[in-house]
Amino acid sequence: MTTVGIIGAGNIGSTLARGLVDRGYDVVISNSRGPETLSGLVEDLGPKARAATVTDAAASGDIVIVTVPLKAYRDVPAEPLAGKIVLDTNNYYWERDGRVAALDEKQTTTTGLLQEHLPESKVVKAFNHIGSAEILTTGSPAGTPGRRALATASDHPDAVALVTALYDEFGFDTVDIGSVGESWRVERDQPAYGVPQNRDELEQNLARATR
């Protein structure tokens, strides 16, 4: 069974850990404060989850989810993630992260920053524009009328394929935005950000995005 490393144990990280465990994945979860601070979480998640250091989670995962405040993305270890698909849930909140000139000036995207930091990894946008409380509660079986859709973006087709399959497991359709350079269309303050939408609505919102 696939092992998923998770770097970041906040609302998104812990929710995805629960969803993955419930779907049969093994999970290795970490945070910046050390594995001992995650004992309660992993006890709740059960035997398919364990806490680890960030480096261990990165090394142990067949795929890895990075879900940390954007200001901490440079702390993600690059070497153990080389060659791996890395899911990026990050968003830019300048109030929390401080100002990032390259983002303010529209020179890159949040996922682009992580891809630049992890040049040997296959970074893909995932789960960034859905509230953590909705990840396990708003999905539905494939073919359900009006099924909620989520967007993804990557420079690597196999990473998009993986996220598409994972979204389906969690009960969501997928809209592929295209390259990492287009992932701004689903960032904060864009029409597609944070609102429930089916595939057609998401495609329309992505098309309405402005930079």
> Once fully extended, how much extra length lies between Arg74 and Asp44, figured as 0.36 nm per residue of separation less the alpha-carbon to alpha-carbon distance?
Replying inline: 7.8 nm
>> Within 10 Å of each candidate Cβ there may be at most 16 other Cβ atoms; applying that plus a DSSP loop requirement, which GluC sites (Glu not before Pro) in region 1-102 survive?
In response: none
>> Can you give me the Rg/Rh ratio for the chain, using Cα atoms for both radii and the Kirkwood formula for Rh?
In response: 0.94
>> I'd like the Kirkwood hydrodynamic radius of region 155-211, using the inverse of the mean 1/r over distinct C-alpha pairs, in Å.
In response: 11.9 Å
> Under 5 Å between amide H atoms, partner at least 5 residues away or on a different chain: which partners does Val27 have, H built in plane at 1.01 Å?
Replying inline: Val4, Ala49, Arg50
> In the calculated pair distance distribution of region 1-111, what percentage of Cα-Cα distances lie above 22 Å?
Replying inline: 31 percent
> Which of Arg188, Arg147 comes first, and how do the rest follow, when ranked by fewest Cβ neighbours within 10 Å?
Replying inline: Arg188, Arg147
>> Order these by the 10 Å Cβ neighbour count, fewest first: Val180, Val160.
In response: Val160, Val180
>> Explain nothing, just compute: Karplus ³J(HN,Hα) = 6.51 cos²θ - 1.76 cosθ + 1.60, θ = phi - 60°, for every residue of region 103-110 in order, whole Hz, x for Gly and Pro.
In response: 7, 4, 8, 6, 8, 8, 10, 4
> With contacts defined as alpha carbon pairs under 8 Å and 6 or more residues apart, what's the relative contact order of region 1-92 in percent?
Replying inline: 33 percent
> What net charge do the residues around Val124 carry, taking every other residue with its C-beta under 12 Å from that of Val124, with Lys and Arg at +1 and Asp and Glu at -1?
Replying inline: -1
> Ile63's amide H: which non-local residues (gap 5+, or another chain) put their own amide H closer than 5 Å, with H modeled 1.01 Å from N in plane and none for Pro or chain starts?
Replying inline: Thr3, Gly5
>> Run the Debye formula on the Cα coordinates of region 112-211, all scatterers equal and no solvent, and tell me log10 I(q)/I(0) at q = 0.11, 0.20, 0.23 1/Å.
In response: -0.30, -0.98, -1.25
>> Can you tell me, using C-alpha contacts under 8 Å and at least 6 residues apart, the relative contact order of the chain as a whole percent?
In response: 16 percent
> Nearest 0.05, what FRET efficiency do Ala142 and Glu203 give at R0 = 25 Å with Cβ-Cβ as r?
Replying inline: 0.90
> Most exposed first by the Cβ proxy, i.e. fewest other Cβ within 10 Å, how do Thr111, Thr37, Thr210, Thr67 rank?
Replying inline: Thr210, Thr37, Thr67, Thr111
>> Of the candidates Val123, Val175, Val86, which one comes out as most mobile in a Gaussian network treatment of the chain with C-alpha springs shorter than 10 Å?
In response: Val175
> From the phi of every residue in region 141-156, what ³J(HN,Hα) in whole Hz does the Karplus formula 6.51 cos²θ - 1.76 cosθ + 1.60 yield, where θ is phi - 60° and glycine or proline is x?
Replying inline: x, 4, x, 5, x, x, 3, 5, 10, 10, 9, 9, 7, 6, 8, 10
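For Cα pairs less than 8 Å apart in space and 6+ apart in sequence, what is the mean separation divided by the residue count of region 139-211, i.e. the relative contact order in percent?
This gives 34 percent for region 139-211.
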> From the cross-link list Lys71/Lys106; Lys84/Lys125; Lys84/Lys106, which pairs have alpha carbons spaced over 19 Å apart?
Replying inline: Lys84/Lys106
> Around Asp173, which amide H atoms from residues at least 5 apart in sequence, or from another chain, sit under 5 Å from its own amide H, with H modelled in the peptide plane?
Replying inline: Arg148, Ala149, Leu150
>> Could you give each residue of region 9-15 its phi-based ³J(HN,Hα) in whole Hz, using Karplus coefficients 6.51, -1.76, 1.60 with θ = phi - 60°, and x for Gly or Pro?
In response: 10, x, 4, 5, x, 6, 5
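Throughout, read-outs are computed from the coordinates displayed, never taken from laboratory work. As the structure is a prediction and not an experimental result, all values here were calculated from the model. As a convention, Cβ positions derive from the backbone with ideal geometry for all residues, glycine included, and neighbour counts pool all protein chains shown.
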